[in-house]
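Enquirer: Below is one structure. I have some questions about it.
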Amino acid sequence: MARAGSRFGAAFDRAVRRPWRAAAGACAVVFCAGLSAAETPPSVAADVLAAFARPARRPSAEDDDARQVALGQALFFDTRLSGDGSLACASCHDPQLGFADGVPLGRGIAGSRLPRHTPALWNLAWGRTFFWDGRATSLESQSTGPIESPVEMGAKLEEVVARLSDGSAMRAAFAETFPERPVVDGLNLSRALAAFERTLVSPETRFDRFVAGERDALTADEIAGFHLFTGKAGCVACHSGWRFTDEAFHDIGLPGDDRGRGAALGLAAADHAFKTPSLREIAWTAPYMHDGALATLEDVVAHYEHGIVDRPTLSADLPKGLSLSEAERDQLIAFLGTLSSEDPPRSASLPPHVEAAPSSAGAVSVSTIGQAGKRFAPDHVRIRAGEGLTVVNDDTRTHNVRVDDPRLTYSSGAQEPGDKVVLSFEEPGQFLVTCGIHPEMRLTVEVAPQEPAPK
Ligand code: HEC
Ligand code: HEC
């Protein structure tokens, strides 16, 4: 395996790749010794396992279909999308490297150094926001970003559209894919790219087989590592669910002066906060973090133990004073290895599922909303136009209550624990309230017309 030592680093190879080989039957000496010494691991509670179960379907835009996916895939590999014809999306998002690029900071057009590390593109169908700082709110709006970015692909959208329209095959493919608007343009281009990206679902790994009930799919050490991940090490506070991300933004104390989410929101309380990355397929996507500064998973764990830079913006969810024994460190890293494929991953195919819009049936009439545990409670309410809706931060975290709607734009600024904000909706209709720092927090507000004045 020529790739192992060089790219992942020796530490990673030792910690992560050996258990795989052992599990596949070629029992490495070190590993067998470890296994015979290990006690039967404590069993994992059913509700803990359930929190990591893979979904059967992926969320999807209503109009995403097989033709769009195929066109999007072709475009993803097409260098006509860059200014000088030298780069495709896949030049940086390499399928062989989990759709990342394997270097700390990649190079864009004309060799310019990128300001941030290229992220993997797994499971973005479930994403709430895109980019490390979440500045795009849909995959459709994201894709034209790299094309027009002067350091990434350095192209003008009109030029790309003109180049693609030049080829009769491309014109025909767009016409066939979008019969209702059969043109090559930025909108159709971004719809096709997004449809393809939504199909990139990380494949099942040994961890999924374990969650599904195959108890010997993981070794004793890996199960011990899972217990550390969900217990003592506190990783699950942010890397939660089957994708291992809460989709929220946290300052985890990495050095550097990139303001991240803080700059995207114009909110100092979110400075140095970046989107929690998924931990799926990370064996293929080293190096790590928004700046690519950590080369191996050992470096990552060392960061959480003693690398955290003390700052007022540090996430309330970070473990404090974490200290692991060498054996625990190895177990935690061995567990992380079970979230990755043993060969270069190919995306799993999951049928799309059209999410129904929330119906007003489940709405309750209340005037106060709580936010404990990164949740609006209740999360679906009915009020009348002009009435106040009080949102109380009874959580341990800083929130940023927002409405981003053409009818109403609102931001609470930094809403610290204990702070209350009062929202008022003048227009009837349905509104979505979110948190800028924890976008998985969703509150649907049904605003009924004002009570007619008594005659
Ligand atoms: C020159 C390298 C490069 C090219 C080419 C490139 N990207 Fe990226 N991509 C990046 C970097 C770097 C980021 C992170 C930027 C940031 O967060 O500020 C990124 C972020 C993304 C994200 C956000 C992922 C997430 O987890 O939020 C998506 C989606 C994406 N790119 C898709 C594309 C598509 C589609 C194309 C082609 C149209 C493309 N990229 C071309 C380097 C590149
Ligand atoms: C407070 C929330 C939080 C906790 C707790 C947390 N993480 Fe993270 N993790 C993040 C964020 C946010 C990033 C990205 C930070 C950045 O790039 O600035 C990250 C990045 C990572 C990465 C790099 C992934 C990549 O693709 O670059 C790994 C691996 C990781 N964490 C593992 C762990 C482990 C193991 C633990 C437990 C010891 C843990 N995390 C605890 C939020 C958290």
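The values are calculated or read from the model by the stated rules, or taken from the named source; none is laboratory data. Note that the structure is predicted; figures quoted are calculated from it, not measured. Cβ atoms come from the backbone with ideal geometry, glycine included; neighbour counts cover every protein chain shown.
Enquirer: Can you name the residue in segment 127-166 that is acidic (Asp, Glu) and part of a loop (DSSP other than H, G, I, E, B) and, of all such residues, is farthest from the chain's Cα centre (by Cα)? Reasoning before the result, please.
Expert: Applying the first criterion (acidic (Asp, Glu)) to segment 127-166 yields 133, 140, 148, 152, 158-159, 166.
Then keep just the ones that are part of a loop (DSSP other than H, G, I, E, B); that gives 133, 152.
Working: Asp133: 11, Glu152: 21 Å.
Restricting to residues being acidic (Asp, Glu) and part of a loop (DSSP other than H, G, I, E, B), the top hit is Glu152.
Enquirer: Tell me which helices (runs of 4 or more DSSP H) are completely within segment 208-316 and hold 1 or more residues being more than 19 Å from His117 (Cα to Cα) and small (Gly, Ala, Ser), or say none if there are none.
Expert: It comes to 220-230, 297-302.
Enquirer: Please work out which residue is nearest to Trp126 (Cα to Cα), limiting yourself to segment 246-275 and to residues that are of a type in the set (Lys, Arg) and more than 7 Å from ligand 2 (Cβ to nearest atom). Give the derivation first.
Expert: To start, the set of residues in segment 246-275 that are of a type in the set (Lys, Arg) comprises 259, 261, 275.
Still in the list and also more than 7 Å from ligand 2 (Cβ to nearest atom): 259, 261.
Details: Arg259: 25, Arg261: 19 Å.
The extreme case among them is Arg261.
Enquirer: Might you check whether a residue that is outside the structural domain of Gln142 (by TED's automatic domain parsing), within 19 Å of Ser347 (Cβ to Cβ) and touching a strand residue (DSSP E or B) at 6+ places or on another chain (Cβ under 9 Å) occurs anywhere in segment 257-277?
Expert: Checked segment 257-277: at least one residue is outside the structural domain of Gln142 (by TED's automatic domain parsing), within 19 Å of Ser347 (Cβ to Cβ) and touching a strand residue (DSSP E or B) at 6+ places or on another chain (Cβ under 9 Å).
Enquirer: Something else: Answer yes or no as to whether Ala90 is outside the structural domain of Ala286 (by TED's automatic domain parsing), under 20 Å from Glu197 (Cα atoms), outside any loop (DSSP other than H, G, I, E, B) and of a type outside the set (Phe, Trp, Tyr).
Expert: Spelling it out, Ala90 is indeed outside the structural domain of Ala286 (by TED's automatic domain parsing), under 20 Å from Glu197 (Cα atoms), outside any loop (DSSP other than H, G, I, E, B) and of a type outside the set (Phe, Trp, Tyr).
Enquirer: Something else now. Across segment 103-126, what is the total count of residues that are more than 6 Å from ligand 1 (Cβ to nearest atom), buried (at least 18 other Cβ atoms within 10 Å of the Cβ) and in a loop (DSSP other than H, G, I, E, B)?
Expert: Going through segment 103-126 one residue at a time, the tally reaches 5.
Enquirer: Within the bounds of segment 243-252, is there any residue that is within 16 Å of ligand 1 (Cβ to nearest atom) and among the polar types (S, T, N, Q)?
Expert: yes
Enquirer: Is segment 374-391 home to any residue that is under 22 Å from the mean Cα position of the chain (by Cα), more than 24 Å from Glu426 (Cβ to Cβ) and without any contact (Cβ under 8 Å) to a residue 24 or more places away in the chain?
Expert: No, segment 374-391 contains no residue that is under 22 Å from the mean Cα position of the chain (by Cα), more than 24 Å from Glu426 (Cβ to Cβ) and without any contact (Cβ under 8 Å) to a residue 24 or more places away in the chain.
Enquirer: Report the residue count in segment 167-207 for those that are touching a Pro at 6+ places or on another chain (Cβ under 6 Å) and not in a helix (DSSP H, G or I).
Expert: Counting residues in segment 167-207 that are touching a Pro at 6+ places or on another chain (Cβ under 6 Å) and not in a helix (DSSP H, G or I) gives 1.
Enquirer: Could you check segment 68-120 and list, in sequence order, the residues that are out of contact with any Leu (no Cβ under 7 Å at 6 or more places or on another chain), among the small types (Gly, Ala, Ser) and within 16 Å of ligand 2 (Cβ to nearest atom)?
Expert: Passing the criteria: Gly98, Ala100, Gly102, Ala120.
Enquirer: Inspect segment 354-361 for any residue being under 30 Å from Asp221 (Cβ atoms) and under 22 Å from the mean Cα position of the chain (by Cα) and give the result as yes or no.
Expert: Checked segment 354-361: no residue is under 30 Å from Asp221 (Cβ atoms) and under 22 Å from the mean Cα position of the chain (by Cα).
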